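Have a look at the structure below before the remarks.
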There are 2 protein chains.
Amino acid sequence: MATTIKNKKNEVTVLAPATVANMVCGFDVLGFALAGPYDKLLIRLTSKKGVTIINKDGYNLPTQPKKNVIGVALLSMLEQIKEDIGFEVESTKTIKPGSGIGSSAASAAGAVVGANYLLNNRFSNEELIEFALCGEEVASGSKHADNIAPCIYGGITLIRSTSPLDIITIPSPLLYVTILHPQIEVKTSDAREILRKTITLKDAVTQWGNIAGLVSGLFKNDYDLIGRSLVDVIVEPVRSMLIPYFDEVKKQSIAAGALGGGISGSGPSIFMLSKDEVTAKKVQLAIINIYKNVGMDFHTHITTISNNGVKLID
Amino acid sequence: MATTIKNKKNEVTVLAPATVANMVCGFDVLGFALAGPYDKLLIRLTSKKGVTIINKDGYNLPTQPKKNVIGVALLSMLEQIKEDIGFEVESTKTIKPGSGIGSSAASAAGAVVGANYLLNNRFSNEELIEFALCGEEVASGSKHADNIAPCIYGGITLIRSTSPLDIITIPSPLLYVTILHPQIEVKTSDAREILRKTITLKDAVTQWGNIAGLVSGLFKNDYDLIGRSLVDVIVEPVRSMLIPYFDEVKKQSIAAGALGGGISGSGPSIFMLSKDEVTAKKVQLAIINIYKNVGMDFHTHITTISNNGVKLID
């Protein structure tokens, strides 16, 4: 290939994990990576400028680069590159778009990490996040890094600041995650619009007491403290109205032993954290017992918070 | 003495440290203990019911128990005791009342910790905080534990919740503290009244990103992260107007190498954190250079965040 890029490889395959943003009291700042599901992307360096996208799944996402998360992310990367090169991407999604577990972030993050590898990792993680954020914006209408950052870094990440970008990785004890995905659509832009623009100082103090408690619990491996701190008095009371039986799911999950949980991203998925797999399964059963009578398609699965972000497998 | 309390001792002397509440982005939830100054209290168990207060300093604080922080705290403890006993307290304050570094909290916390020792430690730390809070209320008009908790526990404490009380100790690397005490009066009740009752969600997100960053920085011993996170977009912009030259003090302190800092409690004292003593002294000099021309009495000193709470020395 007639490019000026010297690399051992001209193609790479990556796995990009699902992620949970808006971790309860950590609205807009705390997110985490899941062990599964994940998207698979094969990225090829080409001598043809621009981006070509080939969908290898049944989701029929747009393939025009400027309308596609992968396309926009890679185009913003290419803007920073002088060489006459481009990328071809074969995308095989298993993270269902619109499920609320970072489907678009996985596409964007997977694409830029893979492309950067083919460019001999010339860009920093922070730069990759900026490129991926341009992709995210196409899908969600706003630039929020709390899916992108954990997708790239793995584990639990704090976005302390978006301008300038300041990402902090937070350790955590082993945490099992029970996910419920009710098969309804909640648009991120709608979920954002129903939020109040102002809140009481009193509620804000409660919330930052809880996020400080949650971060402390994660550092201390203190499951009880994590559980006590998984309280959101600001966003959840508003957004949970968009998700059928949210309160009942949360109540029964905690009764079944979950530490706590909440809305994943802007929904419709719900996540519940447990300290062991047995409990996570009890939580799953409790959720199924509620939803089987609701008359709505739904999907549940059990996974863990994973320290792996986007993985190169080639 | 004719009491029903069996104890080796009928009197004890305690040292109760000054404390800083409202640690920048941790308004109402984060506070820390200082290595100095501290108050000295001699507490005697007596067979006479009630509380007697003897001031051994020049501050002329009221000695009627119901009007005195020590008195109210001990009376609330005595309400939980069936025996016909009381306390006599000799109070030697060196923490100037109204300085904003937890003078009333030191009185209240010192008294209840000492009294509890004379009662064979029958009350838990949480119960002691509740008693001391009743005392604090006399001085400040509201029950906030962010001076009381670090005064009793030492170190940096998070009050995740006040009802029920949930105190979490947070480790920290060695931190030097430069204190400026301008000799003006800022009433806690006034400082509370000028705060806005509602804030924007956007500012709240910034604030909880910062408190999560600060807690992470303290756990990680990451001075840079601590410094980047010492930002308060909500309370400081309002309250700093009550403190002459606050912005200049902060700016010059950071220019001299301070990690950051803010208003101690509700003022008027200002604290600046540094990672070593040399820097803390440079910060002190920078502050003196500003204040020497202001035409206002002021006092500065250098200390550290201390892991010691109230200490029994007898």
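Of the residues A:Pro171, A:Pro164, which single one is surrounded by fewer than 24 Cβ atoms within 10 Å (Cβ to Cβ), at pLDDT 95 or above and within 14 Å of another protein chain (Cβ to nearest Cβ)?
After applying the criteria, what remains is A:Pro171.
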Is it the case that segment B:232-239 has a residue that's within 10 Å of chain A (Cβ to nearest Cβ) and either buried (at least 22 other Cβ atoms within 10 Å of the Cβ) or part of a loop (DSSP other than H, G, I, E, B) (or both)?
yes
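Yes or no, residue by residue, for (1) outside any helix (DSSP H, G or I); (2) within 14 Å of chain A (Cβ to nearest Cβ); (3) within 30 Å of B:Trp208 (Cβ to Cβ):
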residue	(1), (2), (3)
B:Leu15	yes, no, no
B:Phe32	yes, yes, yes
B:Gly58	yes, no, no
B:Lys66	no, no, no
Pick out the one residue from B:Gly110, B:Gly135, B:Gly154, B:Gly102 that is more than 13 Å from B:Thr19 (Cβ to Cβ) and more than 14 Å from chain A (Cβ to nearest Cβ).
B:Gly135
In segment B:211-222, is there at least one residue being under 26 Å from B:Pro17 (Cα atoms) and at pLDDT below 95?
no
Residues B:Gly86, B:Gly58, B:Gly26: which one is crowded, with 19+ Cβ neighbours inside 10 Å, among the small types (Gly, Ala, Ser) and over 30 Å from A:Val205 (Cα atoms)?
B:Gly86
Check whether at least one residue in segment A:270-278 is touching a residue at least 24 places away in the same chain (Cβ under 8 Å), surrounded by fewer than 23 Cβ atoms within 10 Å (Cβ to Cβ) and hydroxyl-bearing (Ser, Thr, Tyr), and report yes or no.
no
B:Ser189: under 22 Å from the mean Cα position of the chain (by Cα), modelled with pLDDT under 95, farther than 30 Å from B:Asn289 by Cβ and not assigned by TED's automatic domain parsing to the domain that holds B:Val283, yes or no?
no
Look through segment B:304-314, keep the residues that are at pLDDT 95 or above and over 14 Å from the mean Cα position of the chain (by Cα), and return whichever of them is nearest to B:Tyr117 (Cα to Cα).
B:Leu312
Please work out which residue is surrounded by the most Cβ atoms within 10 Å (Cβ to Cβ), limiting yourself to segment A:174-206 and to residues that are within 9 Å of chain B (Cβ to nearest Cβ) and not β-branched (Val, Ile, Thr).
A:Ala204
Might you check whether a residue that is without any contact (Cβ under 8 Å) to a residue 40 or more places away in the chain and surrounded by fewer than 21 Cβ atoms within 10 Å (Cβ to Cβ) occurs anywhere in segment A:293-300?
yes
For segment B:81-99, does any single residue satisfy the condition of being more than 17 Å from B:Ile54 (Cα to Cα) and assigned to a helix (DSSP H, G or I)?
no
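The values are calculated or read from the model by the stated rules, or taken from the named source; none is laboratory data. As the structure is a computational prediction, the values presented were derived from the model and not from experiment. For neighbour counting, all protein chains shown are included, and Cβ atoms are generated from backbone atoms with ideal geometry for every residue, glycine included.
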